[in-house]
């Protein structure tokens with residue numbers, strides 16, 4: 001799975017559903033994706049927040065991209081603080097955000113991996129995170145063939161992906177290699193956001209600000225494997 005920046009709860013449901021979670025560092029960075037941006041709530045609307053990057057070739061892998069030299073963690077933390085200061089679990093979540101942003105690695109992948117690990121620990125998700133480049137396969141493989149090679153090397157009997165990946169993979173091809181292909185189908189999740197109309201699919205930051213850790217843990221299980 002690609003590393004995303006403080007992704008929506010479906011990503012964490014996927015992570016919590018796995019015994020091991022392979023995070024891709026040696027695939028191409030994709031512009032306008034969720035790799036270095038996400039959305040938070042401001043005045044009842046979904047607004048993007050972004051990690052600024054140094055200019056780099058479109059051919060570079062995620063592991064070869066870097067945060068901009070003028071990246072200021074406070075410039076990212078301040079709007080989140082302003083927006084969520086009155087949220088019920090702000091005091092519990094703010095230290096996590098400060099930890100993620102403080103002394104942040106300037107390499108994009110290292111930053112994202114660290115933020116995933118810190119957030120997983122906060123939510124008591126204990127699934128090990130593995131860098132794809134550390135799995136002994138032919139890294140010239142692409143798409144489904146690369147996933148199957150990773151499954152073979154790790155001895156996986158089941159591969160779980162997000163529901164959006166259904167068009168990318170063949171259950172028959174996985175079954176031919178002894179791997180059960182499944183997808184995480186999230187249940188509808190709605191919670192109070194300052195008593196305004198609910199805005200779905202925001203960053204996990206929004207979920208954590210308005211819900212206790214125990215409630216978020218319950219939400220992680222609000223999904224099916226299909």
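General observations
- Residues in region 158-178 that are assigned to a strand (DSSP E or B) and modelled with pLDDT of 95 or more: 158, 159, 160, 161.
- If the condition is being assigned to a loop (DSSP other than H, G, I, E, B), touching a residue at least 12 places away in the same chain (Cβ under 8 Å), surrounded by fewer than 17 Cβ atoms within 10 Å (Cβ to Cβ) and out of contact with any helix residue (DSSP H, G or I) (no Cβ under 7 Å at 6 or more places or on another chain), then region 69-93 contributes 69, 70, 86.
- The one condition from (1) surrounded by fewer than 16 Cβ atoms within 10 Å (Cβ to Cβ); (2) out of contact with any strand residue (DSSP E or B) (no Cβ under 6 Å at 6 or more places or on another chain); (3) under 17 Å from residue 9 (Cβ atoms) that residue 142 does not meet is (3).
- Residues considered: 47, 22. Of these, the only one that is free of Cβ contacts under 8 Å to residues at least 40 places away in the same chain and farther than 24 Å from residue 218 by Cβ is 47.
- Verdict on residue 5 being more than 10 Å from the chain's Cα centre (by Cα), surrounded by 20 or more Cβ atoms within 10 Å (Cβ to Cβ) and closer than 26 Å to residue 194 by Cα: no
- Within region 16-50, if we keep just the residues that are within 13 Å of the chain's Cα centre (by Cα) and not in a loop (DSSP other than H, G, I, E, B), the residue that is surrounded by the fewest Cβ atoms within 10 Å (Cβ to Cβ) turns out to be 37.
- When the residues of region 99-113 are filtered to those that are touching a strand residue (DSSP E or B) at 6+ places or on another chain (Cβ under 9 Å) and not in a helix (DSSP H, G or I), the one that is nearest to residue 46 (Cα to Cα) is 104.
- Filtered residue count, region 119-142, keeping only those that are modelled with pLDDT under 95 and under 24 Å from residue 50 (Cα atoms): 0
- Hey, residue 199 under 30 Å from residue 81 (Cβ atoms), in a loop (DSSP other than H, G, I, E, B) and at pLDDT 95 or above or not: yes
- Residue count, region 202-226 (criterion: in a loop (DSSP other than H, G, I, E, B) and either over 18 Å from residue 16 (Cβ atoms) or in contact with a strand residue (DSSP E or B) (Cβ under 6 Å, 6 or more places away or on another chain) (or both)): 3
- Residue identified as surrounded by 15 or more Cβ atoms within 10 Å (Cβ to Cβ), in a strand (DSSP E or B) and at pLDDT 95 or above among 116, 96, 148, 181: 181
- Within the option set 136, 175, 121, 162, being loosely packed, with under 12 Cβ neighbours inside 10 Å and farther than 24 Å from residue 65 by Cα holds for one residue only, 175.
The values are calculated or read from the model by the stated rules, or taken from the named source; none is laboratory data. Since the model is a prediction, treat every value here as computed from it, not as a measurement. As a convention, Cβ positions derive from the backbone with ideal geometry for all residues, glycine included, and neighbour counts pool all protein chains shown.
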